Every structure is written in structure tokens, then in C-alpha cells.
């Protein structure tokens with residue numbers, strides 16, 4: 001393959017590539033990237049002018065951001081739809097060539113790399129074989145992570161889905177429903193921020209100021225660009241008990257942020273809101289809900305109680321040896 005690395009400066013072209021790639025997600029679309037308020041590059045590996053792979057590089061002080069950026073997933077190498085549609089004996093070999101070319105080109109420009117590969121990315125050998133015969137030049141470290149994925153085909157029959165989840169979740173849902181709680185859309189980003197702050201304060205955690213600004217910027221961009229929704233669970237008294245921010249692309253809904261009023265912590269409002277969000281995603285015709293990480297015991301257990309299945313993804317890091 002005669003491959004070249006080019007910068008993509010056409011946001012619409014980039015977004016179409018992301019939408020067509022099996023490894024694309026809302027986290028790679030330009031409205032989301034702009035909301036991060038960081039410098040970034042959009043790169044294509046092209047063959048005769050046709051993109052075979054793409055990559056988002058978030059930059060800090062001229063170097064790729066060191067690790068997984070807050071509130072993001074799957075900012076790694078995206079293979080083009082055309083490459084992914086080829087027979088396995090072509091696709092496998094050519095994927096290794098594309099990844100090898102991309103890594104060699106980036107090594108010549110940067111001292112470190114950090115990629116978060118989508119769970120659909122099948123073959124990581126192109127990364128683990130980087131400098132296979134010259135390990136002294138630095139090799140990739142692969143860190144296993146898990147997200148939770150709910151196949152929304154199972155939600156088409158909502159009553160059957162409700163009967164299949166953990167009993168306590170079904171009980172919480174029915175209790176909120178019976179007590180007159182309601183789920184309503186909202187554009188009140190100050191409310192979401194306030195509940196988020198209260199959630200952290202209850203746990204004795206002080207929020208990072210950067211993350212606070214980032215949450216506000218992502219939420220605003222999601223609403224303005226049609227990439228997400230803020231939903232609230234309202235108690236019969238009129239108080240907002242819980243709020244969530246879900247993001248969307250053409251395939252998937254992403255459970256990015258949840259926040260709760262500590263006074264309603266035991267009401268089951270978080271469960272009621274989650275299930276109604278799941279039903280909302282199914283009604284949109286989406287294929288799945290991604291719970292955006294199940295990597296801590298309590299949060300992971302809560303998410304899998306809705307029948308989210310753990311799926312592995314990898315954070316890949318490389319840097320020049322000191």
C-alpha cells in the first residue's frame with residue numbers, strides 16, 4: 001500500500017468518516033472536540049487520496065495529551081469503512097500496514113502517544129508489535145478497561161426488559177412510577193451542575209475546576225448541536241431528584257453524567273431516570289446504550305444491574321525511553 005499521512009481540515013468530511021467507521025463515536029465528532037477547548041489534530045492515513053484510517057490527537061503544549069481525557073472515550077485509531085469491508089485476508093494485513101505507517105509517522109513528530117481504542121477495534125497487534133525487534137525504542141503499554149453495553153433490541157418489548165433486570169431496580173422503577181415521579185427534558189445546565197456538585201460533596205470529593213468547566217462546555221455543545229439531552233426526574237413535590245446527560249451518535253446512546261439530590265438519594269429516582277433514558281434511546285432507533293465505563297465496583301454494579309454487558313477496550317500509551 002502507498003500510504004500518506006495528511007491533516008484533515010474539513011470538519012464535515014471528518015464527521016462523515018467518523019459516522020461511517022465502525023470505530024467512530026460521538027467523542028470524535030468536531031462539535032464534541034470543540035467543546036473540550038483544547039488544540040487538536042484530525043489525521044488521515046490515505047491511499048491514493050482515500051482515507052483508510054483516522055485519528056484524533058488532543059494536544060497539550062504541543063504534545064499529545066498524556067492519558068485518557070476526562071469525559072471522553074474511544075479517541076483512538078478509526079479504520080475506514082472501505083478497509084473494514086474487505087475480506088479478512090486483505091483487511092488483516094492492510095490494517096497492520098496502516099497502523100504501522102501511522103505509528104512510525106507519529107513517532108517522528110511526538111515524544112509520547114495515548115490512544116483509547118474502541119471495543120470494536122479487532123486487532124491490536126499493530127500497536128503491540130511496534131518496535132518489536134527494537135524494544136529499546138519504546139513499546140506500547142496496553143491497559144485493559146471495561147465499559148458496559150446494553151443491546152437495545154432487548155428493550156423493544158419494554159415489559160419483558162423490565163422483568164429481566166435486577167429485582168431491586170424493577171422495584172425502584174415501579175415505586176417511583178406509583179408515587180408520581182416524572183421524567184422531563186431540561187435545558188437548565190446550572191441545575192445539572194448544582195446536582196453534580198451535591199453528588200460529589202455527599203461523597204466528600206472536591207470537584208476539579210477544570211472538570212467543572214469541561215462538563216458545562218460539553219453539556220452546552222451537546223444541546224446546541226443535537227448531540228445529547230439533559231433529562232430530569234422530578235418528585236411529586238416539584239423538586240428535581242436526579243438529572244442525567246446522555247450523548248448520542250447514529251448508533252449509540254452514551255450515559256455520560258448522572259447527578260442526584262442527596263435528599264432523594266433513596267427514592268429510586270436515579271433508577272427511574274435511567275430506565276426512561278434507556279427507553280428513550282430505543283425509541284430513537286439506536287442500537288445500544290454505552291454506560292461509559294464499569295471500572296469501579298459500586299458504579300460498575302449499578303450499571304450492570306440494567307443488563308449492561310461488560311465489553312473490553314484498551315488504553316494504549318507509548319513514549320520515547322528517557
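Coordinate-derived values only; no laboratory data. The model shown is predicted, which means the values in this text are computed figures rather than measured ones. Here the Cβ is made from the backbone with ideal geometry for all residues, glycine too, and neighbour counts use every protein chain on show.
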- The alpha-carbon pair-distance distribution computed for the stretch 3-139, with 5 angstrom bins and whole-percent values, is 2, 10, 21, 24, 22, 14, 6, 2, 0
- Query: Packing-wise, with mean Cβ within 10 Å as the measure, how do 222-228, 162-168 rank, highest first?
  - Reply: 222-228, 162-168
- Could you give the semi-axes, largest first, of the ellipsoid that matches the stretch 205-307, computed as the square roots of 5 times the alpha carbon gyration tensor eigenvalues and rounded to whole Å? 20, 18, 16
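Based on DSSP, what percent of beta bridges with both residues in the stretch 149-311 are antiparallel, to the nearest 5? Don't skip to the answer; put the middle values down first.
On the way: 23 of 26 bridges.
DSSP beta bridges in the stretch 149-311 are roughly 90 percent antiparallel.
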- Starting with the highest mean, order 97-108, 179-190 by the number of other Cβ atoms within 10 Å, averaged over the residues of each peptide. 97-108, 179-190
- Query: Considering only the chain, what is the antiparallel percent among its DSSP beta bridges, to the nearest 5?
  - Reply: 95 percent
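Could you compute how fast the stretch 117-160 diffuses translationally, taking Rh as the Kirkwood radius over C-alpha pairs and applying Stokes-Einstein at 25 °C with viscosity 0.890 mPa s? Give it in µm² per second.
Working: Rh = 13.9 Å.
Translational diffusion coefficient: 177 µm²/s.
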- Query: Cα-based Rg of the chain per 2.2 N^0.38 Å, rounded to two decimals?
  - Reply: 1.06
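If you build the convex hull over the alpha carbons only and average its shadow over all orientations, what do you get for the stretch 243-292? Give it in nm² to one decimal. Mind dumping the intermediate values first?
Details: hull surface 12.9 nm².
Its Cα hull, projected and averaged over all orientations, spans 3.2 nm².
Using the C-alpha atoms of the stretch 159-266, what convex hull volume per residue, in cubic angstrom, is computed? Display every interim value, and only then the final one.
Values: hull volume 13.3 nm³, N = 108.
So the per-residue Cα hull volume is 124 Å³.
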- Taking 0.36 nm per residue of separation and subtracting the Cα-Cα distance, what length does fully extending residue 91 through residue 59 add? 8.5 nm
- Note on the structure: The relative contact order of the chain, taking Cα pairs under 8 Å that sit 6 or more residues apart, comes to a percentage of 23 percent
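Rank-order 2-8, 139-145 by packing density, defined as the average count of other C-beta atoms within 10 Å over each peptide's residues, highest first. The partial results should precede the final answer.
Working: 2-8: 13.0, 139-145: 14.7.
With the highest mean Cβ count within 10 Å placed first, the list reads 139-145, 2-8.
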- Query: For the chain, modelled as a Gaussian network with Cα springs under 10 Å, which listed residue fluctuates most, 84, 28, 281?
  - Reply: 84
- Message: Nearest 500 deg cm²/dmol is fine: what mean residue ellipticity at 222 nm does the chain get from its DSSP H runs of n ≥ 4 alone, each adding -39,500 (n - 2.57), divided by its residue count?
- Response: -11000 deg cm²/dmol
